[in-house]
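S.K.: Before I ask anything, here is the structure I am working with.
The values are calculated or read from the model by the stated rules, or taken from the named source; none is laboratory data. Keep in mind it's a predicted model, so treat the numbers as computed, not measured. Heads up, the Cβs are rebuilt from the backbone with ideal geometry, glycines too, and the neighbour counts pull from every protein chain shown. What goes into the accessible areas is simple: the full protein's heavy atoms, side chains included, and nothing from ligands, DNA or RNA. Shrake-Rupley method; radii C 1.70, N 1.55, O 1.52, S 1.80 Å.
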Amino acid sequence: MTTPPQAPSFLSVEARRAHAEQITCADVVDALGRRHRHRAHLLDLVSPTPGRLLFGPAVTISFFPSCAALIDPAVHDFRSLFRAAVGDEPEGKVLVLASNGHPGISVGGGTKLGRVHHYGLDGVLTDGRLRDFAELQTYEFAAYCSGEALEAGGSVITPHQANVPVVLQGAGIMPGDYVFADRSGTAIIPSAEVDEVLLGALAVHEEGAQFRKQIADERGRERH
């Protein structure tokens, strides 16, 4: 288990959130693409609350195929791994649950993920499925997953490690990296560059608005 690093900041937590609420995932991906060549986005995730923005530093739980002979279920349980992952300051963090090759299996539902609500996390990101969408809608956090599940997944996969690097859909996520997810997709922002990327994404967004205005003005002149 590793302790998530703290991002060097020149934006306050409140300013980061305010910037995030003005942009889209596509803006973030464009801003990341101007700095990096690696894949940093996820597609085709669904949400019980698709209008909500998911934004915050990642803490991770990595799942592993269930086998009592290899992984003692009395030690590797969701409650223990959750507490280890979120630490003493859980507010605003994003719980990333890595299914490790089991996108059709549930990694949690309304009861288990009640901890996310009561500990004040911003939400959940997973490449697995979630149960109880109707109940998840009553919580205040945002959640993005591969789909809704009906069956519990504990017989297939079990929580294994907290705050380790994970990979979802080919995108690497280090503990402390920032997760940005909206209805269009998800982007992973390196912790050390979160402020620069947010400002870059805001510039991308403003450039797009300016281009649209130029096109509208151009068409208006043609009509006259």
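S.K.: For Leu202, are the conditions met, namely being closer than 27 Å to Gln22 by Cα and outside any loop (DSSP other than H, G, I, E, B)?
M.R.: Yes: the conditions hold for Leu202.
S.K.: Moving to a separate point now. Within region 182-195, is there a residue that is over 19 Å from Val94 (Cβ atoms) and either open to solvent by 30 Å² or more (accessible area, probe 1.4 Å) or more than 13 Å from the chain's Cα centre (by Cα) (or both)?
M.R.: no
S.K.: Can you find, within region 86-104, the residue that is farthest from Leu45 (Cα to Cα) among those that are surrounded by fewer than 22 Cβ atoms within 10 Å (Cβ to Cβ) and either in contact with a helix residue (DSSP H, G or I) (Cβ under 9 Å, 6 or more places away or on another chain) or in contact (Cβ under 8 Å) with a residue 12 or more places away in the chain (or both)?
M.R.: Once the filter is applied, the top-ranked residue is Gly87.
S.K.: Please pick out the residue among Arg17, Arg52, Arg79, Arg83 that is under 19 Å from Glu193 (Cβ atoms), out of contact with any helix residue (DSSP H, G or I) (no Cβ under 6 Å at 6 or more places or on another chain) and of a type outside the set (A, V, I, L, M, F, W, C).
M.R.: None of the other options fit; the residue is Arg17.
S.K.: Continuing with the same structure: Which of the following residues is hydroxyl-bearing (Ser, Thr, Tyr) and closer than 30 Å to Cys25 by Cβ: Ser66, Ser80, Ser62?
M.R.: Just one listed residue meets the conditions, Ser62.
S.K.: OK, next. Being of a type in the set (Ser, Thr, Tyr) and crowded, with 18+ Cβ neighbours inside 10 Å is true for just one of Tyr139, Tyr119. Which residue is that?
M.R.: Residue meeting the stated conditions: Tyr139.
S.K.: Is there a residue being free of Cβ contacts under 8 Å to residues at least 40 places away in the same chain and open to solvent by 10 Å² or more (accessible area, probe 1.4 Å) anywhere in region 161-169?
M.R.: No, the conditions are met nowhere in region 161-169.
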